[in-house]
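The values are calculated or read from the model by the stated rules, or taken from the named source; none is laboratory data. Because the structure is predicted, anything quoted here is derived from the model rather than measured. Cβ atoms come from the backbone with ideal geometry, glycine included; neighbour counts cover every protein chain shown.
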């Protein structure tokens, strides 16, 4: 593999030979030699698992939860500074610390990427540049001049995504007329009508509702400086964009946007005012107990702006607690830098850590596992949320991803929490059993019509939201995915529901979703390694034998994409270029673990591929029992928004090593 001068990967990593090819040039090892090699690998795995167990146990919070940093990209930090500028609440310490972090993430060519080793990204670079201007960096400073020159080469601000241009419009750096229109009257559309707010995924819904208020108000706060250097032609910053044919979907939605711009000029004042008040009520009703919205940063930022525009002052309890919640997304580094998390993942991290420790042989009644179970049990959500719009009669019983997010429990967390709870020998088994029963009922009730499961909603598959000119960034709908469906199937099998007709429909959906290569697409993790690493353990748990043709195809694919060093890795670019990047990338601890978990579930424990993968994990472990993983292996939106979960590098390798040593998941039952 070679690297370009900017630090990104410039060539594909070489494909390693398959496990069968690895021995083709040598004589077949004797049985005694093979046994010795396997014994040596197992002993290395035992030592590594013991170190990893001690390290992971040391990370648990006294309250019982685990949480690793959730690293994304500098747009989170830039938008935090822009929010403070807009509200007039800047402070020198925060500004300097954010600037330090943003400067530290700049690539040598002057750009910012959205994942480690990735290419420069225009919108991230624009937002980072503006944030550094707010932090006092001069436009003619070498690092700033490189950034602005690159931005102009890419088409300037006009080529940036809509969300970036909205932030610039707040300060008059972009015209509101040159942005897609988003009327607050959207809130009045009934749920059966196309483009009603429940056609959008919950993360998009939470962002769009406050932005309808911002779009209607079109605020402009005085800009502290000009940004002419970010335009190809400052006199004409927004060149007209060609219209697509009227007979195409894109052309239809472009013309709809033009009609909405005309409506903005003639909208009835009373109707618009009522719509904005309805949107404000919708926002306030969904504020969490800690002041945040949905436990994620973007909706919180836009909700604060929207309510402030409607007259809520910064001392109002809604805004005061909202701003305080945003401060909790900040991670302060030892060097004085300040990184903003887009979200926090304690429930997800805690259930994965519990599974890893149990599968690695930690006693099921270990005090730290019991404490983790107690914390997870207390986090179960017992009231309806936005999901109940589609399932009004379904009793609640799920878990969310975050500390506070009662409105949006997710199907994936719920499945994994059940798997974790059933690995713990809790002193009150009835309490665990009741919680599991509620969760199973809720997950069954959230199955989509096609047999699969999405992350947050049922049948959230409308084709229309993605067509809107406003929606040029990230996924805005939540259709079923292989990884979520696999986790649900694995959980249902674990609780004895493998033969339930609904579970079998999920299995049938998974088998139909397999790629021709043998892999499965990964929606919430990168990418085909995550999907395949999720599906094969689920199929095994549900009784699908390792000899099944789908399983054999997946095993062959995993052997084919194993790296020469014995590990596995997959770059985020596989979301854009499947042919060149699927299963391809520098070896990482988490992705190697996913591949091993899949192969072990398929009955490949004694294969050469598994041995080499285990040796890679044990050989790259650090002295303290942890692994280093700068690469982003998590996914928010495929390609558009990548995540480095800092605990992934710990929990998944430990799970894989534990299953290699123990033969499979350490289920206790409840």
**OP:** Need at least 1 residues that are touching a strand residue (DSSP E or B) at 6+ places or on another chain (Cβ under 8 Å), under 26 Å from residue 344 (Cα atoms) and in contact (Cβ under 8 Å) with a residue 40 or more places away in the chain per element, so show me which helices (runs of 4 or more DSSP H) inside the range 567-670 make the cut, counting only ones lying wholly within it.
**Re:** 589-601, 648-662
Original post:
Is one or more of the residues making up the range 348-360 over 22 Å from residue 65 (Cα atoms) and touching a helix residue (DSSP H, G or I) at 6+ places or on another chain (Cβ under 7 Å)?
Top reply: no
**OP:** State whether one or more residues within the range 653-667 are out of contact with any helix residue (DSSP H, G or I) (no Cβ under 7 Å at 6 or more places or on another chain), within 29 Å of residue 369 (Cβ to Cβ) and at pLDDT 95 or above.
**Re:** no
Original post:
If residue 229 satisfies every condition in (1) outside any loop (DSSP other than H, G, I, E, B); (2) closer than 30 Å to residue 140 by Cβ; (3) free of Cβ contacts under 8 Å to residues at least 12 places away in the same chain but one, which is the exception?
Top reply: (3)
**OP:** From the list 451, 433, pick out the single residue that is more than 23 Å from residue 352 (Cα to Cα) and at pLDDT 95 or above.
**Re:** 451
**OP:** Considering each of 553, 612, 573, 584 in turn, give the residue that is under 22 Å from residue 356 (Cβ atoms) and at pLDDT 95 or above.
**Re:** 612
Original post:
Does at least one position in the range 542-550 carry a residue that is surrounded by 23 or more Cβ atoms within 10 Å (Cβ to Cβ), outside the structural domain of residue 115 (by TED's automatic domain parsing) and either over 28 Å from residue 456 (Cβ atoms) or modelled with pLDDT of 95 or more (or both)?
Top reply: no
Original post:
Just wondering, is there one or more residues in the range 151-171 that are outside the structural domain of residue 526 (by TED's automatic domain parsing) and within 21 Å of residue 336 (Cβ to Cβ)?
Top reply: no
**OP:** For residue 425, state whether it is under 25 Å from residue 579 (Cα atoms), in the same structural domain as residue 599 (by TED's automatic domain parsing) and out of contact with any strand residue (DSSP E or B) (no Cβ under 9 Å at 6 or more places or on another chain).
**Re:** no
**OP:** Determine which member of the set 349, 313, 335, 327 is free of Cβ contacts under 8 Å to residues at least 24 places away in the same chain and either crowded, with 16+ Cβ neighbours inside 10 Å or under 25 Å from residue 131 (Cβ atoms) (or both).
**Re:** 327
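To keep it simple, each residue is scored yes or no on (1) without any contact (Cβ under 8 Å) to a residue 60 or more places away in the chain; (2) part of a helix (DSSP H, G or I).
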residue: 215; (1), (2): yes, yes
residue: 221; (1), (2): no, no
residue: 237; (1), (2): no, no
residue: 242; (1), (2): yes, no
residue: 247; (1), (2): yes, no
residue: 262; (1), (2): yes, yes
residue: 282; (1), (2): no, yes
Original post:
Would it be correct to say that residue 358 is touching a residue at least 40 places away in the same chain (Cβ under 8 Å), surrounded by 17 or more Cβ atoms within 10 Å (Cβ to Cβ) and touching a strand residue (DSSP E or B) at 6+ places or on another chain (Cβ under 8 Å)?
Top reply: no
Subject >> Residue check, residue 407 out of contact with any strand residue (DSSP E or B) (no Cβ under 7 Å at 6 or more places or on another chain), closer than 24 Å to residue 295 by Cα and in a loop (DSSP other than H, G, I, E, B) >> reply: yes
**OP:** Would you mind finding the one in 275, 300, 267, 279 that is surrounded by 17 or more Cβ atoms within 10 Å (Cβ to Cβ) and within 22 Å of the chain's Cα centre (by Cα)?
**Re:** 300
Original post:
Is there any pair linking a residue in the range 99-121 that is assigned by TED's automatic domain parsing to the domain that holds residue 332 to one that is at pLDDT below 95 and outside any loop (DSSP other than H, G, I, E, B), with Cβ under 6 Å and at least six apart or on different chains, and which?
Top reply: 117/9
Original post:
Restricting attention to the range 134-153, and to residues there that are under 21 Å from residue 80 (Cβ atoms) and over 29 Å from the mean Cα position of the chain (by Cα), which single residue is surrounded by the fewest Cβ atoms within 10 Å (Cβ to Cβ)?
Top reply: 136
